Amino acid sequence: MNEETGLGSPAEFFAALDHLAQTIDARADGDPAESYTAKLLAKGPQKCAKKLGEEAVELALALVSESDEAVASEAGDLLYHLLVALRSRGLSLDAVGGALATRQAMSGLEEKASRTAD
């Protein structure tokens, strides 16, 4: 942990995300009666997306009214459900990383303006 900022290193964070993704992969084909991850995935992308949305709202509310510990916990829940939702669609962290890498050459405003309206 960086003593000045109180933040861990990006390498530690990415290692934790990678470990979480590997754990989700390992549990994906498990027994839904014994694994929450398997249970969510068995219900498909729609249920995973619903749960992801619920967790996003919980984090948003925590950000304005809860302790730092509660915010970190809710952020962890959101990241878990994001990775489960990605897995439900067959997408990996590498796919997300590739999408992010293509955006790094431009500002956020330029990237947003370059998207086509649906």
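Quick note: the coordinates plus some simple rules give every number you see, no bench work behind them. As the structure is a computational prediction, the values presented were derived from the model and not from experiment. Reconstructed Cβ throughout: ideal geometry from the backbone, glycine too, with neighbour counts over all protein chains shown.
Report the gain in length on full extension from E34 to E66: 0.36 nm times residue separation, minus Cα-Cα distance, nm rounded to one decimal.
Difference between extended and current length: 8.4 nm.
Determine the shape class of region 47-109: with a ≥ b ≥ c the square roots of the Cα gyration tensor eigenvalues, call it rounded for a/c under 1.5, and otherwise prolate if a/b is greater than b/c, oblate otherwise.
oblate
List the GluC sites (Glu not before Pro) within region 1-110 that fall in a DSSP loop (any state other than H, G, I, E or B) and whose Cβ has at most 15 other Cβ atoms within 10 Å.
Hits after loop and neighbour filter: E3, E4, E34, E66.
Hey, in the GNM for the chain with a 10 angstrom Cα cutoff, which one of L17, L52, L100 fluctuates hardest?
Top of the fluctuation ranking is L100.
What is the sum of charges around A26, taking Lys and Arg as +1, Asp and Glu as -1, for the other residues whose C-beta is under 14 Å from the C-beta of A26?
-3
Between S65, L86, F14, whose Cα lies farthest towards the positive end of the dipole of the chain when Lys and Arg beta carbons carry +1 and Asp and Glu beta carbons carry -1, centred on the Cα centre?
The residue sitting farthest along the positive end of the dipole is L86.
Compute a Gaussian network model of the chain, connecting alpha carbons closer than 10 Å, and tell me which residue from S65, S88, S35 fluctuates the most.
Highest fluctuation of the listed residues: S65.
Of all trypsin sites (Lys or Arg not before Pro) in region 44-118, which ones are in loop regions per DSSP and have a Cβ with at most 14 other Cβ atoms within 10 Å?
Hits after loop and neighbour filter: R89, R115.
For the chain, what does the helix formula give at 222 nm: sum of -39500 (n - 2.57) over DSSP H segments with n ≥ 4, over the residue count, nearest 500 deg cm²/dmol?
-23500 deg cm²/dmol
Among all lysine pairs in the chain that are eight or more places apart or on different chains, how many have alpha carbons less than 24 angstrom apart?
Counting lysine pairs in the chain gives 4.
Binned at 5 Å from 0, what are the whole-percent values of the Cα-Cα distance distribution for the chain, short to long?
Per 5 Å bin, starting at zero, the Cα-Cα P(r) for the chain comes out as 2, 10, 14, 17, 19, 19, 12, 5, 2, 0 percent.
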